[in-house]
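The values are calculated or read from the model by the stated rules, or taken from the named source; none is laboratory data. These numbers come from a predicted model, not from an experiment. A quick note on method: Cβ atoms are made from the backbone with ideal geometry, for glycine too, and the neighbour counts reach across all protein chains shown. Please note that ligands, DNA and RNA were not included when accessible areas were found on the heavy atoms of the full protein model with its side chains. Shrake-Rupley method; radii C 1.70, N 1.55, O 1.52, S 1.80 Å.
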Amino acid sequence: MDTLIVGGGPAGAAAAIGLARGGRSPLILERQREGADALCGGFLSWTTIAALERLGVPVEGLGGHRIDRMKMFAGHRTACARLPAPAMGISRQRLDACLLARAELEGAAVERGVAASHFDDGGITTADGALLRFDRMVLATGKHELRGLARPAAEGDRMVGLRWRLAASPRLLEMLAHTIEIHCFRGGYAGLVMQEETANLCLAVSRRRLAEEGTPDALLLALSRECPALEGRLSASSGLGERQAIANMPYGWRARSSLPHVYRIGDQAGVIPSLAGEGLAIALVSGARAARAILQGRAAETFQPRLARHLRRPIGVAGAIADLACRPGGARTIVALAGMSPAIPNLAARLARVRPA
Ligand SMILES: Cc1cc2nc3c(=O)[nH]c(=O)nc-3n(C[C@H](O)[C@H](O)[C@H](O)COP(=O)(O)OP(=O)(O)OC[C@H]3O[C@@H](n4cnc5c(N)ncnc54)[C@H](O)[C@@H]3O)c2cc1C
(Lines give C-alpha, C1' and ligand atoms only; values in the text may rest on other atoms or scores of the structure.)
Protein backbone atom coordinates (compact mmCIF):
# COMPACT_ATOMS: atom_id res chain seq x y z
CA MET A 1 0.00 0.00 0.00
CA ASP A 2 1.23 3.47 -0.87
CA THR A 3 -0.21 5.62 1.96
CA LEU A 4 -2.27 4.50 4.96
CA ILE A 5 -4.07 7.21 6.92
CA VAL A 6 -5.08 6.17 10.43
CA GLY A 7 -8.02 8.32 11.61
CA GLY A 8 -10.76 9.85 9.47
CA GLY A 9 -11.30 13.11 11.41
CA PRO A 10 -10.64 16.52 9.82
CA ALA A 11 -6.85 16.02 9.65
CA GLY A 12 -7.02 12.56 8.06
CA ALA A 13 -9.68 13.66 5.57
CA ALA A 14 -7.67 16.76 4.57
CA ALA A 15 -4.55 14.64 3.95
CA ALA A 16 -6.59 12.16 1.89
CA ILE A 17 -8.12 14.92 -0.25
CA GLY A 18 -4.67 16.39 -0.98
CA LEU A 19 -3.17 13.00 -1.83
CA ALA A 20 -6.09 11.95 -4.04
CA ARG A 21 -5.92 15.26 -5.90
CA GLY A 22 -2.23 14.55 -6.49
CA GLY A 23 -3.05 11.24 -8.15
CA ARG A 24 -2.48 8.89 -5.18
CA SER A 25 -4.96 6.36 -3.79
CA PRO A 26 -4.78 6.66 0.01
CA LEU A 27 -6.71 4.39 2.36
CA ILE A 28 -8.27 5.88 5.52
CA LEU A 29 -9.03 3.65 8.52
CA GLU A 30 -11.74 5.20 10.70
CA ARG A 31 -12.79 3.30 13.81
CA GLN A 32 -16.24 4.90 14.03
CA ARG A 33 -19.13 3.92 11.84
CA GLU A 34 -21.28 6.74 10.37
CA GLY A 35 -22.86 9.26 12.71
CA ALA A 36 -20.21 9.80 15.41
CA ASP A 37 -20.24 13.28 16.97
CA ALA A 38 -16.75 14.07 18.34
CA LEU A 39 -16.43 16.08 21.55
CA CYS A 40 -15.52 19.56 20.31
CA GLY A 41 -16.71 23.16 20.59
CA GLY A 42 -17.66 23.08 16.92
CA PHE A 43 -16.52 26.68 16.36
CA LEU A 44 -15.15 27.05 12.82
CA SER A 45 -12.81 30.05 12.76
CA TRP A 46 -12.35 32.05 9.57
CA THR A 47 -9.06 30.21 8.97
CA THR A 48 -10.92 26.88 9.28
CA ILE A 49 -13.53 28.13 6.82
CA ALA A 50 -10.83 29.21 4.34
CA ALA A 51 -9.09 25.82 4.67
CA LEU A 52 -12.39 23.99 4.07
CA GLU A 53 -12.99 26.02 0.93
CA ARG A 54 -9.51 25.16 -0.37
CA LEU A 55 -10.40 21.49 0.16
CA GLY A 56 -13.57 21.87 -1.91
CA VAL A 57 -16.04 21.64 0.99
CA PRO A 58 -18.87 24.14 0.30
CA VAL A 59 -19.12 25.93 3.65
CA GLU A 60 -22.36 27.73 2.80
CA GLY A 61 -23.95 24.32 2.17
CA LEU A 62 -23.01 22.98 5.62
CA GLY A 63 -25.99 24.73 7.22
CA GLY A 64 -24.03 26.08 10.18
CA HIS A 65 -24.85 29.10 12.35
CA ARG A 66 -23.00 32.24 11.31
CA ILE A 67 -20.97 33.82 14.13
CA ASP A 68 -19.83 37.47 14.02
CA ARG A 69 -19.00 38.31 17.61
CA MET A 70 -17.49 36.93 20.79
CA LYS A 71 -18.77 37.54 24.30
CA MET A 72 -16.47 36.84 27.19
CA PHE A 73 -17.54 36.51 30.82
CA ALA A 74 -15.49 36.45 34.05
CA GLY A 75 -17.61 36.55 37.20
CA HIS A 76 -19.84 39.63 36.84
CA ARG A 77 -17.71 41.20 34.09
CA THR A 78 -18.60 40.96 30.39
CA ALA A 79 -16.94 42.10 27.17
CA CYS A 80 -18.22 41.81 23.63
CA ALA A 81 -16.09 42.15 20.48
CA ARG A 82 -16.67 41.75 16.78
CA LEU A 83 -14.63 38.89 15.27
CA PRO A 84 -12.06 39.85 12.60
CA ALA A 85 -14.08 37.79 10.05
CA PRO A 86 -17.23 35.63 10.08
CA ALA A 87 -17.02 32.22 11.76
CA MET A 88 -19.49 29.34 12.08
CA GLY A 89 -20.97 26.93 14.64
CA ILE A 90 -21.63 23.38 13.45
CA SER A 91 -21.65 19.87 14.89
CA ARG A 92 -18.68 17.60 14.28
CA GLN A 93 -21.10 14.93 13.15
CA ARG A 94 -22.02 17.05 10.13
CA LEU A 95 -18.54 18.48 9.49
CA ASP A 96 -16.69 15.15 9.65
CA ALA A 97 -19.26 13.42 7.42
CA CYS A 98 -18.88 16.15 4.76
CA LEU A 99 -15.09 15.97 4.84
CA LEU A 100 -14.98 12.19 4.53
CA ALA A 101 -17.54 12.29 1.71
CA ARG A 102 -15.32 14.86 -0.06
CA ALA A 103 -12.26 12.58 0.38
CA GLU A 104 -14.17 9.67 -1.18
CA LEU A 105 -15.36 11.85 -4.04
CA GLU A 106 -11.73 12.81 -4.77
CA GLY A 107 -10.79 9.11 -4.95
CA ALA A 108 -9.68 8.11 -1.43
CA ALA A 109 -10.87 4.80 0.02
CA VAL A 110 -12.45 4.92 3.49
CA GLU A 111 -12.87 1.87 5.74
CA ARG A 112 -15.33 2.78 8.50
CA GLY A 113 -15.64 0.74 11.67
CA VAL A 114 -11.99 -0.44 11.47
CA ALA A 115 -9.72 0.51 14.41
CA ALA A 116 -5.94 0.37 14.30
CA SER A 117 -4.80 -1.43 17.43
CA HIS A 118 -1.03 -0.83 17.38
CA PHE A 119 1.99 0.13 15.30
CA ASP A 120 5.34 -1.66 15.11
CA ASP A 121 8.12 -2.27 12.57
CA GLY A 122 5.92 -4.64 10.60
CA GLY A 123 3.11 -2.10 10.07
CA ILE A 124 -0.31 -1.49 11.59
CA THR A 125 -2.31 -4.25 13.24
CA THR A 126 -6.05 -3.69 13.29
CA ALA A 127 -8.33 -4.55 16.21
CA ASP A 128 -9.48 -7.68 14.38
CA GLY A 129 -5.88 -8.87 13.91
CA ALA A 130 -5.16 -7.95 10.25
CA LEU A 131 -1.63 -6.71 9.52
CA LEU A 132 -1.40 -3.76 7.09
CA ARG A 133 1.92 -2.81 5.49
CA PHE A 134 2.51 0.50 3.74
CA ASP A 135 5.21 2.71 2.22
CA ARG A 136 4.22 5.56 4.53
CA MET A 137 1.63 6.26 7.15
CA VAL A 138 -0.21 9.41 8.20
CA LEU A 139 -1.07 9.40 11.90
CA ALA A 140 -4.36 11.28 12.39
CA THR A 141 -5.92 9.64 15.45
CA GLY A 142 -6.49 13.06 17.05
CA LYS A 143 -7.34 12.96 20.73
CA HIS A 144 -6.71 9.18 20.88
CA GLU A 145 -3.32 7.49 21.24
CA LEU A 146 -2.17 4.66 19.01
CA ARG A 147 -0.08 2.05 20.83
CA GLY A 148 3.52 2.24 19.57
CA LEU A 149 3.18 5.93 18.58
CA ALA A 150 1.58 7.50 21.68
CA ARG A 151 2.33 11.12 22.55
CA PRO A 152 4.24 11.62 25.83
CA ALA A 153 1.94 11.82 28.87
CA ALA A 154 0.96 15.43 29.61
CA GLU A 155 2.66 16.91 32.67
CA GLY A 156 1.27 19.01 35.52
CA ASP A 157 -2.42 19.63 36.15
CA ARG A 158 -3.84 18.15 32.95
CA MET A 159 -7.06 19.30 31.37
CA VAL A 160 -10.26 17.35 30.87
CA GLY A 161 -12.79 18.11 28.11
CA LEU A 162 -16.53 17.93 28.89
CA ARG A 163 -19.53 18.53 26.67
CA TRP A 164 -23.28 18.88 27.16
CA ARG A 165 -25.88 19.70 24.54
CA LEU A 166 -28.50 22.22 25.68
CA ALA A 167 -31.97 22.08 24.18
CA ALA A 168 -32.55 25.53 22.66
CA SER A 169 -35.55 27.59 23.78
CA PRO A 170 -36.41 30.79 21.85
CA ARG A 171 -34.74 32.78 24.69
CA LEU A 172 -31.49 30.80 24.42
CA LEU A 173 -31.54 31.15 20.62
CA GLU A 174 -31.84 34.89 21.00
CA MET A 175 -28.95 35.04 23.51
CA LEU A 176 -26.63 33.03 21.24
CA ALA A 177 -27.60 34.52 17.86
CA HIS A 178 -24.41 35.14 15.80
CA THR A 179 -22.32 34.75 18.96
CA ILE A 180 -19.66 32.57 20.50
CA GLU A 181 -19.58 32.86 24.27
CA ILE A 182 -16.58 32.12 26.47
CA HIS A 183 -17.30 31.74 30.19
CA CYS A 184 -14.11 31.78 32.31
CA PHE A 185 -13.97 30.19 35.74
CA ARG A 186 -11.32 29.06 38.23
CA GLY A 187 -9.48 26.13 36.63
CA GLY A 188 -11.01 26.34 33.15
CA TYR A 189 -13.35 27.87 30.63
CA ALA A 190 -16.48 26.96 28.68
CA GLY A 191 -17.41 27.73 25.08
CA LEU A 192 -21.06 27.98 24.06
CA VAL A 193 -22.33 28.14 20.45
CA MET A 194 -25.41 27.11 18.52
CA GLN A 195 -24.98 23.98 16.36
CA GLU A 196 -27.89 22.92 14.19
CA GLU A 197 -30.89 22.74 16.60
CA THR A 198 -29.02 22.64 19.94
CA ALA A 199 -26.49 24.72 21.85
CA ASN A 200 -23.10 23.07 22.41
CA LEU A 201 -21.57 23.69 25.84
CA CYS A 202 -17.95 22.51 25.84
CA LEU A 203 -15.63 22.87 28.85
CA ALA A 204 -11.90 22.51 29.35
CA VAL A 205 -11.26 22.08 33.07
CA SER A 206 -8.22 21.14 35.13
CA ARG A 207 -8.28 17.74 36.77
CA ARG A 208 -7.68 19.45 40.11
CA ARG A 209 -10.83 21.59 39.81
CA LEU A 210 -12.89 18.63 38.61
CA ALA A 211 -11.61 16.53 41.53
CA GLU A 212 -12.54 19.33 43.97
CA GLU A 213 -16.14 19.20 42.78
CA GLY A 214 -16.25 15.38 42.56
CA THR A 215 -18.18 14.77 39.33
CA PRO A 216 -18.84 16.65 36.05
CA ASP A 217 -22.48 17.23 37.07
CA ALA A 218 -21.39 18.64 40.45
CA LEU A 219 -18.92 20.89 38.60
CA LEU A 220 -21.69 22.23 36.37
CA LEU A 221 -23.82 22.94 39.43
CA ALA A 222 -20.91 24.80 41.09
CA LEU A 223 -20.34 26.81 37.89
CA SER A 224 -23.97 27.81 37.68
CA ARG A 225 -23.52 29.43 41.14
CA GLU A 226 -20.12 30.95 40.27
CA CYS A 227 -20.88 32.27 36.74
CA PRO A 228 -24.12 34.29 36.61
CA ALA A 229 -24.19 34.51 32.80
CA LEU A 230 -23.70 30.75 32.43
CA GLU A 231 -26.47 30.16 34.94
CA GLY A 232 -28.69 32.40 32.76
CA ARG A 233 -28.00 30.20 29.71
CA LEU A 234 -28.54 26.96 31.60
CA SER A 235 -31.87 28.13 32.95
CA ALA A 236 -32.93 29.44 29.51
CA SER A 237 -32.35 25.98 28.05
CA SER A 238 -35.26 23.56 28.01
CA GLY A 239 -33.08 20.56 28.90
CA LEU A 240 -29.58 19.18 29.29
CA GLY A 241 -28.43 16.34 27.01
CA GLU A 242 -26.09 13.46 27.75
CA ARG A 243 -22.55 14.34 28.87
CA GLN A 244 -19.33 13.33 27.07
CA ALA A 245 -15.81 13.52 28.50
CA ILE A 246 -12.23 13.19 27.34
CA ALA A 247 -9.26 13.09 29.73
CA ASN A 248 -5.64 14.24 29.69
CA MET A 249 -5.48 16.69 26.82
CA PRO A 250 -1.81 17.61 26.24
CA TYR A 251 -2.44 21.30 25.50
CA GLY A 252 0.66 23.04 24.19
CA TRP A 253 2.39 19.88 22.97
CA ARG A 254 4.02 19.80 19.49
CA ALA A 255 5.71 16.84 17.73
CA ARG A 256 9.20 18.07 16.85
CA SER A 257 10.37 14.80 15.30
CA SER A 258 8.90 11.61 13.90
CA LEU A 259 9.81 8.07 12.92
CA PRO A 260 10.76 7.48 9.27
CA HIS A 261 7.66 7.15 7.06
CA VAL A 262 5.28 8.35 9.81
CA TYR A 263 3.70 11.81 9.25
CA ARG A 264 1.91 13.14 12.34
CA ILE A 265 -0.93 15.61 11.71
CA GLY A 266 -3.81 17.32 13.55
CA ASP A 267 -3.84 16.80 17.32
CA GLN A 268 -1.14 14.16 16.83
CA ALA A 269 1.18 16.96 15.59
CA GLY A 270 0.24 19.77 17.97
CA VAL A 271 -2.50 20.54 20.49
CA ILE A 272 -3.74 24.11 20.77
CA PRO A 273 -5.82 25.05 23.85
CA SER A 274 -9.46 24.85 22.80
CA LEU A 275 -10.10 28.44 23.96
CA ALA A 276 -8.57 29.57 20.64
CA GLY A 277 -11.08 27.60 18.52
CA GLU A 278 -8.25 26.80 16.09
CA GLY A 279 -7.70 23.04 16.47
CA LEU A 280 -9.79 22.33 13.37
CA ALA A 281 -7.80 24.79 11.26
CA ILE A 282 -4.58 23.16 12.45
CA ALA A 283 -5.99 19.73 11.55
CA LEU A 284 -6.89 20.84 8.00
CA VAL A 285 -3.70 22.84 7.37
CA SER A 286 -1.42 20.08 8.70
CA GLY A 287 -3.28 17.46 6.63
CA ALA A 288 -2.81 19.53 3.48
CA ARG A 289 0.89 20.08 4.32
CA ALA A 290 1.44 16.34 4.84
CA ALA A 291 -0.17 15.56 1.48
CA ARG A 292 2.06 18.12 -0.22
CA ALA A 293 5.19 16.79 1.51
CA ILE A 294 4.38 13.22 0.44
CA LEU A 295 3.65 14.25 -3.15
CA GLN A 296 6.96 16.14 -3.26
CA GLY A 297 8.83 13.14 -1.80
CA ARG A 298 9.79 14.98 1.42
CA ALA A 299 10.72 12.64 4.29
CA ALA A 300 8.70 12.58 7.51
CA GLU A 301 11.87 13.51 9.44
CA THR A 302 11.99 16.82 7.51
CA PHE A 303 8.22 17.39 7.45
CA GLN A 304 7.67 17.09 11.21
CA PRO A 305 10.06 19.78 12.57
CA ARG A 306 8.88 22.19 9.84
CA LEU A 307 5.27 21.65 10.86
CA ALA A 308 6.23 22.16 14.52
CA ARG A 309 7.73 25.56 13.61
CA HIS A 310 4.59 26.47 11.63
CA LEU A 311 2.47 25.77 14.72
CA ARG A 312 4.73 27.47 17.28
CA ARG A 313 3.11 30.93 17.30
CA PRO A 314 -0.61 29.99 17.41
CA ILE A 315 -0.05 27.29 20.05
CA GLY A 316 2.22 29.57 22.12
CA VAL A 317 -0.16 32.57 22.00
CA ALA A 318 -3.23 30.45 22.75
CA GLY A 319 -1.38 28.78 25.65
CA ALA A 320 -0.51 32.11 27.26
CA ILE A 321 -4.10 33.41 26.95
CA ALA A 322 -5.62 30.14 28.18
CA ASP A 323 -3.33 30.12 31.26
CA LEU A 324 -4.58 33.60 32.15
CA ALA A 325 -8.23 32.72 31.45
CA CYS A 326 -8.12 29.83 33.95
CA ARG A 327 -7.20 32.19 36.85
CA PRO A 328 -9.94 34.47 38.18
CA GLY A 329 -7.63 37.54 38.29
CA GLY A 330 -6.27 36.79 34.81
CA ALA A 331 -9.74 36.26 33.34
CA ARG A 332 -10.97 39.56 34.83
CA THR A 333 -7.94 41.32 33.29
CA ILE A 334 -8.63 39.80 29.86
CA VAL A 335 -12.29 40.86 30.01
CA ALA A 336 -11.36 44.37 31.23
CA LEU A 337 -8.82 44.79 28.38
CA ALA A 338 -11.32 43.48 25.82
CA GLY A 339 -13.87 45.97 27.16
CA MET A 340 -11.40 48.89 26.77
CA SER A 341 -10.77 48.39 23.05
CA PRO A 342 -12.00 45.80 20.53
CA ALA A 343 -8.53 46.00 18.93
CA ILE A 344 -7.09 43.96 21.83
CA PRO A 345 -9.20 40.76 21.47
CA ASN A 346 -8.91 41.19 17.71
CA LEU A 347 -5.12 41.15 17.84
CA ALA A 348 -5.11 38.14 20.21
CA ALA A 349 -7.55 36.29 17.93
CA ARG A 350 -5.37 36.97 14.88
CA LEU A 351 -2.12 35.90 16.59
CA ALA A 352 -3.66 32.57 17.63
CA ARG A 353 -4.55 31.65 13.99
CA VAL A 354 -2.53 29.22 11.90
CA ARG A 355 -1.17 30.37 8.54
CA PRO A 356 -2.41 28.53 5.43
CA ALA A 357 -0.61 25.35 4.33
C1 LIG B 1 -13.01 20.51 24.78
C2 LIG B 1 -12.55 20.79 23.39
C3 LIG B 1 -13.17 21.79 22.63
C4 LIG B 1 -12.70 22.08 21.34
N5 LIG B 1 -13.31 23.06 20.62
C6 LIG B 1 -12.85 23.40 19.40
C7 LIG B 1 -13.50 24.40 18.61
O8 LIG B 1 -14.53 24.93 18.99
N9 LIG B 1 -12.95 24.73 17.40
C10 LIG B 1 -11.81 24.13 16.93
O11 LIG B 1 -11.33 24.51 15.85
N12 LIG B 1 -11.20 23.15 17.65
C13 LIG B 1 -11.70 22.76 18.85
N14 LIG B 1 -11.10 21.76 19.55
C15 LIG B 1 -9.97 21.06 18.97
C16 LIG B 1 -10.42 20.07 17.89
O17 LIG B 1 -11.45 19.25 18.40
C18 LIG B 1 -9.23 19.19 17.47
O19 LIG B 1 -8.09 19.97 17.32
C20 LIG B 1 -9.55 18.48 16.16
O21 LIG B 1 -10.65 17.62 16.33
C22 LIG B 1 -8.35 17.67 15.69
O23 LIG B 1 -8.70 16.96 14.53
P24 LIG B 1 -7.99 15.54 14.23
O25 LIG B 1 -8.49 15.10 12.91
O26 LIG B 1 -6.54 15.66 14.49
O27 LIG B 1 -8.53 14.59 15.38
P28 LIG B 1 -9.99 14.08 15.78
O29 LIG B 1 -10.99 15.09 15.47
O30 LIG B 1 -9.86 13.60 17.20
O31 LIG B 1 -10.23 12.85 14.80
C32 LIG B 1 -9.50 11.66 14.94
C33 LIG B 1 -10.26 10.57 14.23
O34 LIG B 1 -9.48 9.38 14.30
C35 LIG B 1 -10.31 8.28 14.66
N36 LIG B 1 -9.46 7.32 15.37
C37 LIG B 1 -8.88 7.49 16.58
N38 LIG B 1 -8.15 6.43 16.89
C39 LIG B 1 -8.27 5.57 15.86
C40 LIG B 1 -7.74 4.26 15.60
N41 LIG B 1 -6.95 3.64 16.50
N42 LIG B 1 -8.06 3.63 14.44
C43 LIG B 1 -8.88 4.23 13.52
N44 LIG B 1 -9.42 5.47 13.73
C45 LIG B 1 -9.10 6.13 14.88
C46 LIG B 1 -11.38 8.91 15.55
O47 LIG B 1 -12.56 8.11 15.57
C48 LIG B 1 -11.60 10.26 14.87
O49 LIG B 1 -12.59 10.20 13.87
C50 LIG B 1 -11.58 21.40 20.82
C51 LIG B 1 -10.97 20.38 21.57
C52 LIG B 1 -11.47 20.06 22.82
C53 LIG B 1 -10.81 18.95 23.59
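Observations, loosely collected:
- In the set Phe43, Phe73, only one residue is buried (at least 16 other Cβ atoms within 10 Å of the Cβ), modelled with pLDDT of 95 or more and in contact with a Gly (Cβ under 8 Å, 6 or more places away or on another chain); that residue is Phe43.
- Under the condition of being over 19 Å from the mean Cα position of the chain (by Cα) and either surrounded by 18 or more Cβ atoms within 10 Å (Cβ to Cβ) or under 26 Å from Pro260 (Cα atoms) (or both), the residues counted in segment 84-105 number 2.
- Checking each residue in segment 266-312 for being part of a loop (DSSP other than H, G, I, E, B) and aliphatic (A, V, I, L, M) picks out Ala269, Val271, Ile272, Ala299.
- From the options Ala290, Ala245, Ala269, residue that is modelled with pLDDT of 95 or more, open to solvent by 20 Å² or more (accessible area, probe 1.4 Å) and within 16 Å of the ligand (Cβ to nearest atom): Ala245
- Among (1) within 11 Å of the ligand (Cβ to nearest atom); (2) open to solvent by 50 Å² or more (accessible area, probe 1.4 Å) - the single one Arg264 does not satisfy: (2)
- Residue in segment 126-145 that is in contact with a strand residue (DSSP E or B) (Cβ under 8 Å, 6 or more places away or on another chain), in a strand (DSSP E or B) and polar (S, T, N, Q) present: yes
- Looking across segment 25-60 at every residue that is part of a strand (DSSP E or B) and over 30 Å from Asp128 (Cβ atoms), the one that is farthest from the ligand (Cβ to nearest atom) is identified as Leu44.
- Within segment 186-215, being under 15 Å from Glu231 (Cα atoms), open to solvent by 10 Å² or more (accessible area, probe 1.4 Å) and touching an Asp or Glu at 6+ places or on another chain (Cβ under 9 Å) holds for one residue alone: Gly191.
- Among residues of segment 257-271 that are touching a residue at least 24 places away in the same chain (Cβ under 8 Å) and aromatic (Phe, Trp, Tyr), those with a beta-carbon under 9 Å from a residue that is assigned to a strand (DSSP E or B) and surrounded by 22 or more Cβ atoms within 10 Å (Cβ to Cβ) at least six positions away or on a different chain give the pairs Tyr263/Thr3; Tyr263/Met137; Tyr263/Val138; Tyr263/Leu139.
- Test: Gly8 is in a helix (DSSP H, G or I) and buried (at least 18 other Cβ atoms within 10 Å of the Cβ): no
- Listed conditions (1) part of a helix (DSSP H, G or I); (2) more than 29 Å from Cys227 (Cβ to Cβ); (3) of a type in the set (Ser, Thr, Tyr) are all met by Thr333, apart from (2).
- Filtering segment 219-235 for residues that are within 12 Å of the ligand (Cβ to nearest atom), open to solvent by 30 Å² or more (accessible area, probe 1.4 Å), in a helix (DSSP H, G or I) and of a type in the set (Gly, Ala, Ser) leaves an empty set.
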